[in-house]
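First up is the structure itself, then whatever we jot down about it.
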Amino acid sequence: MEKFKFNYTLVMPEYNIVGSTDDMQGSIIEMLATGKADVAVGFLPILADARKHILYSTGLDEGEWMMIMVRPMESASGSGLLAPFNRDVWILILVSLLAVGPIIYIMLLVRNKMTKDKEQILYSLPYCVWFVYGALMKQGSTLSPTGDSTRILFATWWIFITILTSFYTANLTAFLTLSKFTLPINNAEDVRRKEKQFVTNRGNAVEYAIKNSDESLNYLMVLLDKNLVDFSTNLNDSDILMTTVSKKNYVFVRDKPAIEHLVYQDYLVRRKVNPINERSHCPFATALTPFLKRVRAFGYPNNTKWNTLFDPQLLNMVEGGLVKFKLLENLPKAEICPQNLGSTERQLKNRDLAMTYMVMMTGFATAIAVFLSEMFFRLLNERKMRKEMQSNIGSDASSPREKLSFVKAAAGGGYGDSPPPPYAEIFSRHASGASMFGKQIETDGASRQMINGRDYMVVKEKNGIGSQLIPVRAPSAVLFQYTYNN
């Protein structure tokens, strides 16, 4: 006005909407098309449909429509236990865990058949599966393959698990100590996939991009049919933020400069009310990915001549950075309420350990289920054995003495002979007072001797031919008794 010496009168549209061919009444496009205004100085999104009615100026900026939502209590990354790897990695780890055990078993079978090595130990499939699982849990193993090929296979799995657990531990530590935060809704595709309710201003570029079949956001029409989209006529952005977003948990889609000014004003009010609690200053979070991008410009009627006068000056203002400066005027240089509140120390909460509790409850529930199944099958087996014994005794026509001996044999584990006497009884029959370390002492056909530095009781066989060495040292004696009984 000062440069070209003219005066102007500001005229507002009836509904304060941009408008389109299907929504012309009370819009900015209608005012320009009917000659009620000579120029529209708002940042109008350039719409292909509107070119039939108005003329756009040179582009002022690339408008970005962003999403603002209630800040969730926890990161969308999920539980800390699952955070180090994504879904594909977890699936591949599970597949390798299930596949490596059978692969090792097959390799053992193939090598055993091809080499016919009698010294090689052929481990069963359960042993191989438990080796794989034990390695994953960083447990030891008693398996010791003799073949070089199977040794390399075992070593390969150990190296794989060592690297995998190292990466997992490092990433888990980083996840639990850093204040990294992500939102559950980051772009328009997330809105469609999760069928998230959102609100935006009526008559803007977002509504146009959704309702026109040749636009990129037309796939959101399914949400419009399900009444999940609210095209609001409310001109107060703060009111939408406090009611629709805060109370109804909607996502608010608005152009970026308006969002930044809105969040900053809300931040100043909350900081004045509660200057101590920093988290209460930023109850809302803005997505980083734009919901929609569209070049914005001023608008003229189709028969205008003002464009030849104003467009060169507007281009100079854009190239000089004046337009961008005015859009960000009165805003601080620092980012307002970012996703990651880096100044807040990261402290572990119960929700970070939710997966740990679930694992423990699942493990206990599985153990209880297995225990109950073991008890159930044990009762079934006992009942079956009892019925078989009763049927065998009832069908036997022998004397009661023979029946009694049969029952005793069955109770003895299926063997006719009675079990051997306890280990301690062997020494009770001999004279006491023998020295633990000393000379050979004869006691009722048995002698105590020191052989290779160890104490043994030398007992003669019943037939008088040969003798048997029985260890006296406590651990060796226990092993001997266990082996002898079984």
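Taking the range 141-170 as the range and being in contact with a helix residue (DSSP H, G or I) (Cβ under 7 Å, 6 or more places away or on another chain), of a type outside the set (A, V, I, L, M, F, W, C) and closer than 30 Å to L82 by Cα as the test, only S141 passes. Of all residues in the range 116-138, those satisfying the criterion of being open to solvent by 100 Å² or more (accessible area, probe 1.4 Å), in a loop (DSSP other than H, G, I, E, B) and more than 18 Å from L94 (Cα to Cα) are K116, K118, E119.
Residues to consider are A99, A83; find the one that is surrounded by 12 or more Cβ atoms within 10 Å (Cβ to Cβ) and within 30 Å of T356 (Cβ to Cβ). The match here is A83. Looking only at the range 235-268, count every residue that is out of contact with any strand residue (DSSP E or B) (no Cβ under 9 Å at 6 or more places or on another chain), among the polar types (S, T, N, Q) and in contact (Cβ under 8 Å) with a residue 40 or more places away in the chain and tell me the total. Number satisfying all stated conditions: 0.
Which of the residues spanning the range 111-127 are among the hydrophobic types (A, V, I, L, M, F, W, C) and at pLDDT below 85?
Looking only at the range 111-127, we keep the residues that are among the hydrophobic types (A, V, I, L, M, F, W, C), and these are 114, 121-122, 125.
Correct list: M114, I121, L122.
Give the residue that is nearest to the chain's Cα centre (by Cα), with candidates limited to residues of the range 11-37 that are surrounded by fewer than 15 Cβ atoms within 10 Å (Cβ to Cβ) and more than 16 Å from R202 (Cβ to Cβ). Talk me through it step by step, then tell me what you get.
Looking only at the range 11-37, we keep the residues that are surrounded by fewer than 15 Cβ atoms within 10 Å (Cβ to Cβ), and these are 11-12, 14, 21-22, 25-26, 34-36.
From the residues that got through so far, the ones that are more than 16 Å from R202 (Cβ to Cβ) too are 11, 34-36.
Numbers: V11: 55, T34: 58, G35: 59, K36: 58 Å.
Here the answer is V11.
A Cβ distance below 9 Å, combined with a sequence gap of six or more or placement on separate chains, defines the contacts here; from the range 184-200, residues that are closer than 19 Å to S232 by Cα reach residues that are basic (K, R) and open to solvent by 50 Å² or more (accessible area, probe 1.4 Å) in the pairs E195/K226; Q197/K248; V199/K248; T200/R254.
If you take the residues in the range 175-186 that are in a loop (DSSP other than H, G, I, E, B) and either on the phi > 0 side of the Ramachandran plot or in contact with a Pro (Cβ under 8 Å, 6 or more places away or on another chain) (or both), which one is surrounded by the most Cβ atoms within 10 Å (Cβ to Cβ)?
Looking at the filtered set, the residue picked out is L183.
Residues that are part of a helix (DSSP H, G or I) and surrounded by fewer than 17 Cβ atoms within 10 Å (Cβ to Cβ) were ranked within the range 275-310; the one that is nearest to the chain's Cα centre (by Cα) is R279.
Kindly establish whether I163 is in a helix (DSSP H, G or I) and open to solvent by 50 Å² or more (accessible area, probe 1.4 Å).
Numbers: in a helix (DSSP H, G or I): yes; open to solvent by 50 Å² or more (accessible area, probe 1.4 Å): yes.
In short, yes.
Among the residues of this structure, Y8 counts as one that is over 25 Å from S232 (Cβ atoms) and open to solvent by 20 Å² or more (accessible area, probe 1.4 Å).
Counting only residues that are closer than 28 Å to D49 by Cβ and in contact with a helix residue (DSSP H, G or I) (Cβ under 6 Å, 6 or more places away or on another chain), the range 266-324 holds 8 of them.
So if I check each of L153, L172, which one is surrounded by 16 or more Cβ atoms within 10 Å (Cβ to Cβ) and closer than 30 Å to Q339 by Cβ? Spell out the reasoning first.
On the way: L153 fails: closer than 30 Å to Q339 by Cβ.
Step by step, each of L153, L172 is checked, and only L172 is surrounded by 16 or more Cβ atoms within 10 Å (Cβ to Cβ) and closer than 30 Å to Q339 by Cβ.
When the range 240-264 is limited to residues that are closer than 19 Å to Y208 by Cβ and among the basic types (K, R), the one that is most open to solvent (accessible area, probe 1.4 Å) turns out to be K256. The residues listed here are K52, K5; of these, the one that is more than 27 Å from K324 (Cβ to Cβ), free of Cβ contacts under 8 Å to residues at least 24 places away in the same chain and basic (K, R) is K5.
The values are calculated or read from the model by the stated rules, or taken from the named source; none is laboratory data. Fair warning: this is a prediction, and the values are worked out from it, not measured in the lab. Here Cβ is always computed from backbone atoms with ideal geometry, including for glycine, and neighbour counts include all displayed protein chains. Only protein heavy atoms, including side chains, enter the accessible area calculation; ligands, DNA and RNA are left aside. Shrake-Rupley method; radii C 1.70, N 1.55, O 1.52, S 1.80 Å.
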